[in-house]
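Take this structure, written in structure tokens, and hold onto it; I'll ask about it next.
None of the figures in this text is laboratory data; all of them are computed from the coordinates on show. Given the structure is predicted, the values throughout are model-derived calculations rather than measurements. FYI the Cβ positions are ideal-geometry reconstructions off the backbone, even for glycines, and counts take in every protein chain you see.
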């Protein structure tokens, strides 16, 4: 079980600061959503959590340890990442890609054994990608590739999973399927999950806590009901939407406005 | 767009026209002044490329485009008339002081034209570009291209005829002919069994030797030997070390040329481990020869022949080392 | 908590054998190629411009084994040809073919670019410059039985890559694109220096040109002794990191997230591949085609998994170059054709045929 922490993190590309002085925690068994407008820095935060990007200042801790001090291989046993736009080599098969998730578990001289194969196979079953196993990446659609990469992350068997817009290319049933799967794992295995999501409704439905990121900082933090309200949305996204309450779950649901006040904000 | 097409057509047409004009220019049109000489000039000669050239008058200025031709000019006593030589013309010593007109394959046409010589002696490699160019500029060019020893003697005679030195040339040619006969008299009747196998090394890496259409090959044959590469084809082919070992030459001759690597083929012949069992090495019959003696089609080629004879048949030809 | 205990679905199937990455087929391929390699070596020993009966050849080889006692019924000339001309040459051809093929495959994986070949970042040009300098300098010492030219070529090759690497590195990171650009630029510079030296040197001209085109004639056992350790170590290292090279195909970001220390891997692969290439080129000259096309041919037949691509490239490269050398030695016997001329001539038609047949994605 791991606990992820960001302390006073400032992230920048060159001199351009993306986010400044961010601090938050993710506890085991908790699914935290990062929401915010395009370009607010959600992906960059995910990259910082997986040590792909070095923070301008501040530290990222996993169970109290600074991740920049942890060797890559050990880190990849703790954290797995599902990237936003995965570029995959086109000549490999889906199964071979999923099997690469076992890499952190294997020593330099080791080859994948039957157990590794089984784990990969089951991960593909979880993500309904078994039928794609023999197909080459070049033959797969964007959505299928996304599911293959998710299966790969599951194969990594980590205690923390980071997801960067994992449902962007998927149809609604797949979106629900994947998020159900991840949420289920989160609960059962007490994983720490951070998901950057653009779809506020899905975020509200699945995440235990949300961080609303805007203009380089945390605009709001808390439960979905606390964070997703009309006032916050107006401040961050503008006047185009409003918050309704989902009739069955009681959770917030975001819908577009259909009155004159929306039109006037568009004409600004 | 149209302008471009017009200009292109204009350029093409004018180029075609100019080349036609160039081909039609006659060589010279000067009237012939009377000359003091035993010979009557103008004289028509057929050079060794098959061209018929008219020498209008006794040449006062001669340019040589090849070291071999330079040696011939000196041998005929014409050195005072020699006004241009190549950078490689180094024999006799006096040749080095003559004005230079370029390298062997890189003739400086401008400089030659500047001299306006009465006679230019060219070689085989000048066929394609240099000779046509000189003709176009109206200069008298004679091409000497001897491929056999006979033809070397003919070349000397030819130069004599061109330059009013027929008698001297005749003497030289006869003298050379006699020396050649002195050798062939003894070697002509040798049976194949009596002819040693000879391997001539031109260069060692890659291993290069002489084909059956070269002068060096002819020298080997005239000197009473058999060139192990005679079936190899023409020119200067590469040969594999295996083939040399199998052929087991009894005599190895290495050419020593100019420059840094001059002595390397000879060293190779003497020291290469894999040749240690070859007859020539076992019996210590590895020799070197200055490539100028066998490579240049001039008077010294008979010197080369005599050396070969000493190498190949020491029992018949005692030489003074 | 074990993953398998916590899975949500209730099936517990094992992965069907069909998706196991075709391991058995590829292992058989390796074994088959080993046999083919043996056949090729045998063919190469028996063939040459000198006709030597097969039985004599076998006897000569057998007599060199310890404990075997055959009274020589052949001349020492034949023994010299078999043991000192043909055998070292065949071995070197095999080593060089293997080295160039595996280096090419590695570079293609490292740069994730199908056009990469072992000479991409300046190895060949550095070796050429070293060789030309060695030709021109009047010193002629020998070290370990090796001449100045190959030693200078070897040093030149390593130095040029070291320069390229130093130029391309930014802090601890070595961006791959910068490496390629720096390598191409330095290579062009070195090439022009080589051309200039050749033009102004006149005398040693034809020797240098032939060296640059590649040749196995005059191979010595001492050369093989020098080259062998570099080949063995380099190839060994590359084979070890084959799986990591697979993961690198995902791109540096994903590879890092899967536990690969990307900078360290780049340095290791670069060094090993450069070492084997430098060793190959220094003694033989620049042989093209092998490093870029052999890996692609192997990919076309057996797929992109580097754990098989690398060893298969080693075998196919060795077989190919030994075969090419046979052709170079025999087609115009007893003359020899420079091997660089033959490699493309032999290999390109076959590769074009493979391309026509392809049904799957290449890279």
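Checking the a/c ratio against 1.5 first, then a/b against b/c, what shape does the Cα gyration tensor give for region B:190-312?
In terms of gyration-tensor shape, rounded.
Something else about it: Please compute the Kirkwood hydrodynamic radius of chain B from all pairs of different C-alpha atoms, in Å with one decimal.
After inverting the mean inverse Cα-Cα distance, the result is 21.9 Å.
For the Cα atoms of chain A, what angle does the longest principal axis make with the long axis of helix A:142-155, in degrees from 0 to 90, nearest 10?
It works out to around 60 degrees.
Okay, next question. What is the Cα radius of gyration of region A:145-268 over 2.2 N^0.38 Å, N being its residue count?
Ratio of Rg to 2.2 N^0.38 Å for region A:145-268: 1.17.
Rounded to the nearest 0.05, what FRET efficiency is calculated for residue B:282 and residue B:212 with R0 set to 35 Å and r the Cβ-Cβ distance?
After rounding, the FRET efficiency stands at 0.85.
Another one. For peptide C:76-84, compute the average count of partner chain beta-carbon atoms within 10 Å of each residue's beta-carbon.
For this peptide, the per-residue mean of nearby foreign Cβ atoms is 5.
Using helices alone, what [θ] at 222 nm do you get for chain C, with -39,500 (n - 2.57) per DSSP H run of 4 or more residues, divided over all residues and rounded to the nearest 500?
So the calculated ellipticity at 222 nm is -22500 deg cm²/dmol.
In addition: Would you kindly calculate the translational diffusion coefficient of region A:1-129, applying Stokes-Einstein with the Kirkwood radius from alpha carbon pairs, for 10 °C and a viscosity of 1.306 mPa s, and quote it in µm² s⁻¹ without decimals?
95 µm²/s
Quote the relative contact order of chain C in percent (integer), defining contacts as alpha-carbon pairs under 8 Å separated by 6+ residues.
Relative CO of chain C lands at 27 percent.
Hey, another quick one. Grab the DSSP H runs of chain A that are 4 residues or longer, score each as -39,500 (n - 2.57), total them, divide by all residues and round the 222 nm result to the nearest 500 deg cm²/dmol.
-10000 deg cm²/dmol
Shielding of A:172-185 by partners, i.e. mean partner chain Cβ atoms within 10 Å per residue?
1
What Rg and what Dmax come out for region C:276-337 when only alpha-carbon atoms are used, in angstroms?
13.6, 43
Here's something else I'd like to know. Let a ≥ b ≥ c be the square roots of the eigenvalues of the Cα gyration tensor of region B:247-321; is it rounded (a/c under 1.5), or, if not, prolate (a/b larger than b/c) or oblate?
The shape class here is oblate.
Further question: Once all Cα-Cα distances of region B:36-172 are split into 5 Å bins that start at 0, what whole-number percent is in each one?
2, 11, 23, 26, 23, 12, 3, 0
Quantify how strongly other chains surround peptide B:226-238 by giving the mean number of their Cβ atoms within 10 Å of each of its Cβ atoms.
Rounded to a whole number, the mean comes out at 2.
Also, I was wondering about something else. Would you kindly calculate the mean projected area, averaged across all directions, of the convex hull enclosing the Cα atoms of chain C, in square nanometres?
Mean orientational projected area (chain C, Cα hull): 24.2 nm².
Right, something else. Rg to Rh ratio, region B:134-194, alpha-carbon atoms and Kirkwood radius?
1.19
If you average 1/r across every pair of different Cα atoms in region A:4-228 and take the reciprocal, what Kirkwood value do you get, in Å?
17.9 Å
Could you work out which residue, out of A:42, A:188, A:16, moves most in a Gaussian network model of chain A, that is, has the largest mean-square fluctuation with Cα springs under 10 Å?
Checking each option, the largest mean-square fluctuation is seen for A:16.
Among bridges DSSP assigns within the protein assembly as shown, what percent are antiparallel (round to 5)?
Once the DSSP bridges in the protein assembly as shown are tallied, antiparallel ones form about 50 percent.
Turning to a different aspect of this structure: Would you look at the GNM of chain B, springs on alpha carbons closer than 10 Å, and say which of B:224, B:160, B:50 moves the most?
Of the options given, B:50 has the highest mean-square fluctuation.
For chain C, with a Gaussian network of springs between Cα atoms less than 10 Å apart, report the residue from C:318, C:101, C:328 with the top mean-square fluctuation.
Of C:318, C:101, C:328, the Gaussian network model singles out C:328 as fluctuating most.
List the relative contact order of chain A as a percent without decimals, with contacts defined as Cα pairs under 8 Å and 6+ residues apart.
Across chain A, relative contact order equals 24 percent.
I need the semi-axes of the equivalent ellipsoid of region A:142-205: take the C-alpha gyration tensor, multiply each eigenvalue by 5, square-root it, list largest first in whole angstrom.
Semi-axes, largest first: 18, 14, 10 Å.
Between residue B:231 and residue A:190, what is the spin-label point distance in nm, taking each point 7 Å from the Cα along the Cα→C-beta axis?
So the two model labels end up 8.9 nm from each other.
If r is the Cβ-Cβ distance from residue B:4 to residue B:136 and R0 is 35 Å, what FRET efficiency results, to the nearest 0.05?
0.70
Taking neighbour counts of Cβ atoms within 10 Å as a proxy for exposure, in what order, fewest first, do A:3, A:47, C:172 appear?
C:172, A:3, A:47
Over all Cα pairs of region C:53-153, how is the pair count split among 5 Å bins, expressed in % and running from 0 up to the last occupied bin?
2, 10, 12, 13, 13, 12, 11, 11, 9, 4, 1, 0
Would you mind telling me the antiparallel percentage of the DSSP bridges in chain A, rounded to 5?
60 percent
Highest first, please rank the peptides A:242-252, B:189-199, A:163-173, C:291-301 by the mean number of other Cβ atoms sitting within 10 Å of their residues.
C:291-301, A:163-173, B:189-199, A:242-252
Residue C:159 versus residue C:267, label points 7 Å from Cα toward the beta carbon: distance in nm?
Inter-label distance under the simple model: 2.3 nm.
At a Förster radius of 56 Å, what calculated FRET efficiency corresponds to the Cβ-Cβ distance of residue B:171 and residue C:71, to the nearest 0.05?
Result of the calculation: an efficiency of 0.30.
Something else: What distance in nm separates the simple spin-label points at residue A:225 and residue C:63, each placed 7 Å from Cα in the Cβ direction?
Simple spin-label model gives 9.9 nm for this pair.
OK, next. In what sequence do C:211, A:121, C:74 fall when counting other Cβ within 10 Å, fewest first?
The most exposed by this proxy come first: C:74, A:121, C:211.
When B:289, B:252, C:224 are ordered from fewest to most other Cβ atoms inside 10 Å of their Cβ, what list results?
Placing the least packed residue first, the sequence is C:224, B:289, B:252.
At a threshold of 8 angstrom on Cα-Cα distance, excluding pairs fewer than six apart, so keeping six or more, what relative contact order does region A:1-144 reach in percent?
Dividing the mean separation by the residue count of region A:1-144 yields 21 percent.
Right, next: Quick check on the protein assembly as shown: take the gyration tensor over C-alpha atoms, sort the square-rooted eigenvalues as a ≥ b ≥ c, and tell me if it's rounded (a/c under 1.5), prolate or oblate.
The shape class here is prolate.
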